[in-house]
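See structure below.
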């Protein structure tokens, strides 16, 4: 049974690689020089070629334009370190969201910046969830294993399985607005995250994109204070800080992935959930939720991580282009996320969902024990760094920072 499971896992990785390659039209290439680089864990080309026949049917069915017309695709090629015949390096970046999500649009801006600044010597291919490469954890593992060049994935709900220190982003009520969060992640907080969480686990960071400020939705009643959450069944990932937060509010936590959440909300399996406005809107949760309570209780970033093998295969000039392009694209995507929330909110309200603002002070008082526990376990270095970017002197970060 163990061998069968290993074979299934191997085949999944192979199919994911082949689907990714399917997005490259007319790309004949070869592996970049990997002298002095760490050993790759990617599948041998012969193994990939052997599976190409089975994968082709799936490729044609799932990827627009994968069959019928256009140049034939060479499914035996690896997905990373590809050069085209003209010498351009092809850089693949994936994310788990729908193509309408602002993260996709931000990565398209990144693509434009990179290709313009490099004068076409770097080509960026962006892959959304329509390519079926998996969620954030799968994308993270593919980048770490050098099976994928790059991915924009959330810290919240992803990196905590590799280090508990990543729970910092699920600490409630750190940032209350986008401007302060962006400044922190573009500054020393972003450096702290890269140094302590991402780089020790095998990836490099190109920049921090915005997933958003999270809010509560539910089908039972509007939420103004923690007392209004007593007895609610709220979807939550299995992260200690999130479970503790809902416990403090008197709500029951139900562990569930994002994919089946819409149906669970519609069926009443769970009463509510929390997510940024962009995710609530793109996932259409407002169609099956009566109440949206604006809380800004958690800021969620999406760092753009890159394979270490790929990074060190690049010239210093290309590395700098990627960093500069990501800085521009991440701020563009963040501002787009914030600005689009206005129109998304109007659509949510038009659908019949009732919107209210929570009593933030009541909620912050309710989570003080969670902050105390976090400081006792991990220290207050993160909190102290974050406090430098927060203007409210009464914020929890100023109270718990040194």
- Message: Can you classify segment 276-402 as rounded, prolate or oblate using the Cα gyration tensor, where a ≥ b ≥ c are the square roots of its eigenvalues, rounded means a/c under 1.5, and otherwise it's prolate if a/b beats b/c and oblate if not?
- Response: oblate
- Item | Cα-based shape type of segment 170-283, given that a ≥ b ≥ c are square roots of the gyration tensor eigenvalues and the cut on a/c is 1.5 | prolate
- Note on the structure: Full extension between residue 323 and residue 247 adds, at 0.36 nm per residue less the Cα distance, a length in nm of 23.3 nm
- Rh (Kirkwood; distinct C-alpha pairs) - segment 157-198, Å: 11.0 Å
- Extension gain from residue 177 to residue 195, taking 0.36 nm per residue of separation minus the Cα-Cα distance: 4.0 nm
- Measuring from label point to label point, each 7 Å out along Cα→Cβ, what is the residue 373 to residue 130 span in nm? 4.2 nm
- Ranked by how many other beta carbons lie within 10 Å on average, peptides 275-287, 139-151 from highest: 139-151, 275-287
- Task: Would you mind putting 86-94, 315-323 in packing order, based on average other-beta-carbon counts within 10 Å, highest first?
- Result: 86-94, 315-323
- Can you work out the FRET efficiency for the pair residue 263 and residue 360, with r the C-beta to C-beta distance and R0 = 35 Å, to the nearest 0.05? 0.65
- Note on the structure: Expressed in nanometres to one decimal, the distance between label points 7 Å along Cα→Cβ at residue 230 and residue 351 is 3.0 nm
- Item | Label-reachable residues, segment 131-171, where backbone N falls under 18 Å from a point 7 Å from residue 240's Cα toward its Cβ | 156-171
- Please give the contour-minus-distance gain from residue 398 to residue 315: 0.36 nm per residue of separation, less the Cα-Cα distance, rounded to one decimal in nm. 25.7 nm
- Expressed in angstrom and rounded, the centroid-to-centroid distance over alpha carbons for segment 195-264 and segment 323-402 is 13 Å
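FYI, it's all coordinate maths here, none of it is from the lab. Note that the coordinates shown come from a computational prediction; the quantities given were computed from them, not determined experimentally. Positions of Cβ are backbone-derived with ideal geometry, glycine not excepted, and every protein chain shown enters the neighbour counts.
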